[in-house]
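Just below is one structure, and these are the notes that go with it.
The values are calculated or read from the model by the stated rules, or taken from the named source; none is laboratory data. Since we're looking at a predicted model, the values are computed, not measured. Methodologically, a virtual Cβ is constructed for each residue, glycine included, from the backbone with ideal geometry; neighbour enumeration extends over all protein chains shown.
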Amino acid sequence: MFPLNPWQSGTAALMALSLTAGTVAPFIVAAPSLAQTNFSDVQSNYWASEFIQQLSQRGVIAGFPDGSFRPEDPVTRAQFAAMINKAFQKPVQRQAITFRDVPGNYWASSAIQQAYITGFLAGYPGNNFRPNEAIPRQQVLVSLANGLQYTASGDTTTTLQYYNDASSIADYARGPIAAATEKQIVVNYPDLKFLNPTVTASRAQVAAFIYQALVSSNQATAINSPYIVALASKPTTVTIPQGTAIPVKYDQAKKILVTKDETAPLTLTVAQNVVTQEGIVVIPAGSQVVGQLKPAQGGSQFVAQKLVLTTGQEYELSATSDVITKTETVKKGTSASAIITNTVLGASAAAAVAAVTGDRAIATEEVLGGAGIGALIGVFFGKNSVDLISIEPNTDLQITINQNLPIALQ
């Protein structure tokens, strides 16, 4: 199917995460000889068990004295800083600063300074770090993407359309999260389509994010998990299937009048992006559909001949509208100006209006294709009335593709 294409301010949060980073140096940590890798509350079938086990072997995370890991416990900014410093080794990016709310004897003071000078984390206004503040999922992803200098290669909005709750992503986080998504750092349990960006990150979730960041920077072996968000690679060609509707509009007039037996040239504009379920735009809004209004079953029907994308690409197009049979009667004595207000006419219809009303001054620009009407007036000479097909283009001329249409993506 091809559905039709359908952020909050985060200034303080933006300042809480660094926007600069350097090259990540290779980092290999030998597992401590007594490192705990099995935990009483992390069963083998737990969704994050392998992420937790692998990071535990590397000494990045550890359990509690009672043998538990407490995977659902929240993670604070201080705790996250400690994990980051154990996972990655990076050159210094900036000078250290003194955070007002991080005393020198605070347990994570050194880790916070290291996370700051290497570009993974920054403070809030007023030189505050808020070490005990729970860190939301989107901040974790932004920190990893920025710290590893990842930027989105594709369109950010298109990438984020993958998530059903993309509208909840803060403005500052959109680009980095799109980059993290492309690098397969994002792990969403239990539903791949829900990022839950503002939800506090749990120990298990942070473990999964950090491990995937290690994988993305070639510092760890990939884990086969069904919860890793892996966008499909963008195809070079997409085939729009027969039966797909293309929304179109006509900005030149609100109404079109033609006779029942005339053919008139007409170009319509694609009103909305036509996209795949993966969010790939295949026909951008503003593309042109070139065709003709033709007689059909006692009425008139738009028959498309060519699709011209906004990129300039052209395709032969087999598509039609429904047959329009609504009529409007033009009678002798009617004012031609009243008829043609916000209206364009086929050449034959223009001749009919001129002949019946006696007004021969219908402007060429009011006739489809700029066709001359003088030679046609005689056909309607002497008639007191004429019935014309009345078309409301923005509602009557929506078209449906009659055969599969391959589109090359750029």
Please indicate, with yes or no, whether at least one residue in the range 199-209 is over 20 Å from the mean Cα position of the chain (by Cα), assigned by TED's automatic domain parsing to the domain that holds Ala62 and assigned to a loop (DSSP other than H, G, I, E, B). yes
Which condition number does Ala213 fail, the rest of (1) among the aliphatic types (A, V, I, L, M); (2) buried (at least 18 other Cβ atoms within 10 Å of the Cβ); (3) outside any helix (DSSP H, G or I) being met? (3)
What is the number of the single condition among (1) surrounded by fewer than 16 Cβ atoms within 10 Å (Cβ to Cβ); (2) touching a Leu at 6+ places or on another chain (Cβ under 6 Å) that Pro65 does not meet? (2)
Name the residue that is farthest from Arg203 (Cα to Cα), counting only residues in the range 83-118 that are in a loop (DSSP other than H, G, I, E, B) and polar (S, T, N, Q). Gln95
Quick check, is Leu192 in the same structural domain as Asp73 (by TED's automatic domain parsing) and not in a helix (DSSP H, G or I)? yes
All but one of (1) surrounded by fewer than 16 Cβ atoms within 10 Å (Cβ to Cβ); (2) modelled with pLDDT under 95 hold for Asp322; which doesn't? (2)
Can you pull out every residue in the range 255-272 that is within 24 Å of Gln313 (Cα to Cα) and surrounded by fewer than 21 Cβ atoms within 10 Å (Cβ to Cβ)? Pro265, Thr267, Thr269, Ala271, Gln272
Can you pull out the residues in the range 127-179 that are over 20 Å from Leu192 (Cβ atoms), of a type in the set (Ser, Thr, Tyr) and surrounded by fewer than 19 Cβ atoms within 10 Å (Cβ to Cβ)? Thr151, Ser153
Name every residue in the range 160-183 that is farther than 29 Å from Gln89 by Cβ and assigned to a helix (DSSP H, G or I), in order of residue number. Leu160, Ala166, Ser167, Ser168, Asp171
I need the strands (runs of 3 or more DSSP E) fully contained in the range 326-393, keeping only those with at least 2 residues that are among the hydroxyl-bearing types (Ser, Thr, Tyr), assigned by TED's automatic domain parsing to the domain that holds Val290 and modelled with pLDDT of 85 or more. 327-331, 385-391
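One line per residue, one yes/no per condition, for (1) part of a loop (DSSP other than H, G, I, E, B); (2) in the same structural domain as Ala352 (by TED's automatic domain parsing); (3) more than 26 Å from Gln403 (Cβ to Cβ); (4) in contact with a strand residue (DSSP E or B) (Cβ under 6 Å, 6 or more places away or on another chain):
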position	(1), (2), (3), (4)
Ala222	yes, no, yes, no
Leu268	no, yes, no, yes
Gln277	yes, yes, no, no
Val303	no, yes, no, yes
Asp322	yes, yes, no, no
